[in-house]
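A short worksheet on the structure shown next.
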Amino acid sequence: MGRRIIFFASALVVMIGLALVIILSVTRSPRLQNAVYRVTNTAPPAANRPANANANVNRSPYTPDRQAIIYVARNFTERYGSGSNQNGGRNLTDAQAYATAAYGDFLGAQIAQARSAPPPKEYHGTVTRALVFNVLKQTTAAASVVVATQQTVTVGTAATVQTKDLLIDLVKVGADWKISAAVWK
């Protein structure tokens, strides 16, 4: 009987320890917090929302349109800003999925230019991570977003880290948000 009690007490301590590790991991990582909010389909606690959230419901950062705008901006930015001189514009091809037809044609011209470039002598590559999204303007049919990014630029074997902002204009095409223009600042 004494061994059973020790076994169950040990198991209880291990489970409590695992629960504490999970809770600490989620509370210290905004990325995990966002995943939890998406899975549970809830908004963050009131302490993290603007003080006048009820006064201005359309500007709440948690509206479905705002979430879709940020989703498209993140995915487009990371694809558009990442690439190398050896991938033949593959990053731009991936970014075209988030573009309007007109901007997709513009990206197509950039892809053709990348594929016609002479073979590289030295590797040049960039990996872009979208970090912060500032929605400057949003209506029911258009939005402007500044995306703060961190880029790791590799030339040969040397890598440097830099930050850049990408200004993105989006328009609503049917039920989807699409990129109509993008400019590095």
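Looking across the stretch 156-171 at every residue that is without any contact (Cβ under 8 Å) to a residue 40 or more places away in the chain and surrounded by 13 or more Cβ atoms within 10 Å (Cβ to Cβ), the one that is nearest to Pro30 (Cα to Cα) is identified as Asp165.
Quick grid of which residues meet (1) among the polar types (S, T, N, Q); (2) at pLDDT below 70; (3) assigned to a helix (DSSP H, G or I); (4) farther than 27 Å from Leu170 by Cα:
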residue: Ser10; (1), (2), (3), (4): yes, no, yes, yes
residue: Val14; (1), (2), (3), (4): no, no, yes, yes
residue: Gly17; (1), (2), (3), (4): no, no, yes, yes
residue: Val26; (1), (2), (3), (4): no, yes, yes, yes
residue: Ala43; (1), (2), (3), (4): no, yes, no, no
residue: Pro50; (1), (2), (3), (4): no, yes, no, no
residue: Asn58; (1), (2), (3), (4): yes, yes, yes, no
residue: Ile70; (1), (2), (3), (4): no, no, yes, no
residue: Ala73; (1), (2), (3), (4): no, no, yes, no
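Taking the listed residues Gly88, Gly125, the one that is small (Gly, Ala, Ser), modelled with pLDDT under 95 and part of a loop (DSSP other than H, G, I, E, B) is Gly88, with no other qualifying. The set of residues from the stretch 138-153 being outside any loop (DSSP other than H, G, I, E, B) and either of a type in the set (Lys, Arg) or in contact (Cβ under 8 Å) with a residue 60 or more places away in the chain (or both) comprises Gln138, Ala143, Val145, Val147, Thr149, Gln151. Among the residues of the stretch 75-85, those identified as part of a helix (DSSP H, G or I) and touching a Phe, Trp or Tyr at 6+ places or on another chain (Cβ under 7 Å) are Asn75, Phe76. I want to confirm something. Restricting to the stretch 118-149 and keeping residues that are over 15 Å from Asn75 (Cα atoms) and hydroxyl-bearing (Ser, Thr, Tyr), which single residue is least open to solvent (accessible area, probe 1.4 Å)? Checked the stretch 118-149; the qualifying residue least open to solvent (accessible area, probe 1.4 Å) is Ser144. Which of the residues that make up the stretch 173-185 are modelled with pLDDT of 95 or more and of a type in the set (Lys, Arg)? Result: Lys178, single match.
Being within 19 Å of the chain's Cα centre (by Cα), open to solvent by less than 50 Å² (accessible area, probe 1.4 Å) and either on the phi > 0 side of the Ramachandran plot or not β-branched (Val, Ile, Thr) (or both) is the filter here, so list the residues in the stretch 74-103 that pass it. Scanning the stretch 74-103 gives Asn75, Phe76, Glu78, Tyr80, Gly81, Ser82, Gly83, Asn91, Leu92, Ala95, Tyr98, Ala99.
The values are calculated or read from the model by the stated rules, or taken from the named source; none is laboratory data. Note that this is a predicted model, so its numbers are computed, not measured. Virtual Cβ from ideal backbone geometry, glycine too; neighbours counted across all protein chains shown. Areas reflect the complete protein model, heavy atoms only, side chains present, ligands, DNA and RNA absent. Shrake-Rupley method; radii C 1.70, N 1.55, O 1.52, S 1.80 Å.
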